[in-house]
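Below is one structure, written out as structure tokens, with a few remarks after it.
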Amino acid sequence: MKKIEKTDAEWRAELDPVQYHVLREAGTERAFAGKLTDEKREGEFRCAGCGTALFVSGTKFESGSGWPSFTAPADPQVVEEHRDMSHGMIRTEVRCAACEGHLGHVFPDGPGPDGLRYCINSAALEFDPD
């Protein structure tokens, strides 16, 4: 996947403050506060930083976590996983493969065939309805 590179000033100009904090500073929005947590329409969930299609509505499920949750990315190549040892925990961070924006984390407690739960910040996503 072709990498999208921008300066910090370009990211700050293009993203709102919450999107910038989540995508570029690996922040987290408050649980149950995101605009897409309860989104139920058919469509694609795209990276708010670069527009890459990351997840589709057919893989979204209600996890009770307070963040949009998915069983799998739209394509395995659109996300990258990195070891995250922050906050005294060992987790797997998920980033957009194109712009390297922080999306959230993946956990091994999901309902899908692979048992994964991609717990993603709403601020890192834009919804494109079908």
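Coordinate-derived values only; no laboratory data. Because the structure is predicted, anything quoted here is derived from the model rather than measured. Because the Cβ atoms are built from the backbone with ideal geometry, glycine has one as well, and the counts that use them run over all protein chains shown.
Go through the residues of the stretch 43-57 one by one and say whether even a single one is within 19 Å of ASP128 (Cβ to Cβ) and of a type in the set (Asp, Glu).
So far as the stretch 43-57 goes, yes, one or more of its residues are within 19 Å of ASP128 (Cβ to Cβ) and of a type in the set (Asp, Glu).
Hey, could you check the stretch 37-62 for residues that are touching a Lys or Arg at 6+ places or on another chain (Cβ under 7 Å) and crowded, with 19+ Cβ neighbours inside 10 Å and say which is nearest to GLY115 (Cα to Cα)?
Among them, the one singled out is LEU54.
Name the residues in the stretch 1-35 that are aliphatic (A, V, I, L, M), within 20 Å of ALA97 (Cβ to Cβ) and in contact with a helix residue (DSSP H, G or I) (Cβ under 9 Å, 6 or more places away or on another chain), would you?
Listed by number, the residues that qualify are MET1, LEU15, VAL22, LEU23, ALA26.
State all residues of the stretch 90-130 that are surrounded by fewer than 16 Cβ atoms within 10 Å (Cβ to Cβ) and either more than 15 Å from GLY27 (Cα to Cα) or of a type in the set (Phe, Trp, Tyr) (or both); if no residue qualifies, say none.
Once the filter is applied, which keeps residues that are surrounded by fewer than 16 Cβ atoms within 10 Å (Cβ to Cβ) and either more than 15 Å from GLY27 (Cα to Cα) or of a type in the set (Phe, Trp, Tyr) (or both), the stretch 90-130 yields ILE90, PRO108, ASP109, PRO111, GLY112, PRO113, ASP114, GLY115, ASP128, PRO129, ASP130.
Just to be sure before I move on: is ASP130 in contact with an Asp or Glu (Cβ under 9 Å, 6 or more places away or on another chain) and of a type in the set (Asp, Glu) in the structure I sent?
yes
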